[in-house]
Amino acid sequence: MIPPVRLVSQAAELAARRHNGMARKGRGNEPYINHLAEVANLLATATDGADAELVAAGWLHDTIEDTETTREELAQKFSERVAALVVECTDDMSLPKAERRRRQVIDAPKKSPSAKLIKIADKVSNIGARIHSDPTGEERDDLVDYTGWAERVVAGCRGGSVWLDMTFDDMVRKAKASL
């Protein structure tokens, strides 16, 4: 087993390499790695740093979905649990966006407690990226649409971390206040 600090560090490095050159939605050309760092940091804070595999999965949660990374590679390089969590948080990109969104809402209550935390952290980060001080009409519509959908997903994920639940609620309030 990899020591906890090395596990998280190696996950961050792999995430950075695999997402190199990708830009984040919602914040211009901000590097995508900033999203992964934010998700991992939210998970580390929510667990007070006690779950290195969860934090590593936070760094890696989009690698299967967005890159050529495989479940087997993650299991070999990190652990079976890290690989399983990433798979559990991976959308089937062969499906239309509306169907992927519908499945996230339906599947949220069935996820493992750790995957639920990743989902909440992901939604906190993605809502925050969509908040602009002077949004265009399109940005405003996107924020309203994404936030409403995220609230439905997170409704099925609550209860694993009071702090993370409150952080999500605070981000939703901030999003609505920015409109």
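The values are calculated or read from the model by the stated rules, or taken from the named source; none is laboratory data. Predicted, not measured: the structure shown is a model, and the values here were computed from it. No Cβ is skipped: glycine too gets one built from the backbone with ideal geometry, and neighbour counts run over all protein chains shown.
The one condition from (1) touching a residue at least 40 places away in the same chain (Cβ under 8 Å); (2) closer than 30 Å to Arg140 by Cβ that Val82 does not meet is (2). Look at Ile127 and say whether it is of a type in the set (A, V, I, L, M, F, W, C) and out of contact with any helix residue (DSSP H, G or I) (no Cβ under 7 Å at 6 or more places or on another chain). When the stated conditions are applied, Ile127 does not pass them.
When the criteria are applied in full, Val144 meets the requirement of being part of a helix (DSSP H, G or I), surrounded by fewer than 16 Cβ atoms within 10 Å (Cβ to Cβ) and modelled with pLDDT of 95 or more. Within the range 30-65, the set of residues being surrounded by 18 or more Cβ atoms within 10 Å (Cβ to Cβ), assigned to a helix (DSSP H, G or I) and among the charged types (D, E, K, R) comprises Glu38, Glu53. Within the range 1-30, restricting attention to residues that are closer than 21 Å to Tyr146 by Cα and in contact with a helix residue (DSSP H, G or I) (Cβ under 9 Å, 6 or more places away or on another chain), the residue that is modelled with the lowest pLDDT is Arg27. Restricting the first member to the range 152-175 and to residues that are closer than 19 Å to Arg130 by Cβ, and the second to residues that are among the aromatic types (Phe, Trp, Tyr), the beta-carbon pairs closer than 6 Å and six or more apart or on different chains are Val154/Phe168.
Going residue by residue through the range 68-88, is there one that turns out to be basic (Lys, Arg), over 30 Å from Glu13 (Cβ atoms), modelled with pLDDT of 95 or more and touching a helix residue (DSSP H, G or I) at 6+ places or on another chain (Cβ under 6 Å)? No: zero hits.
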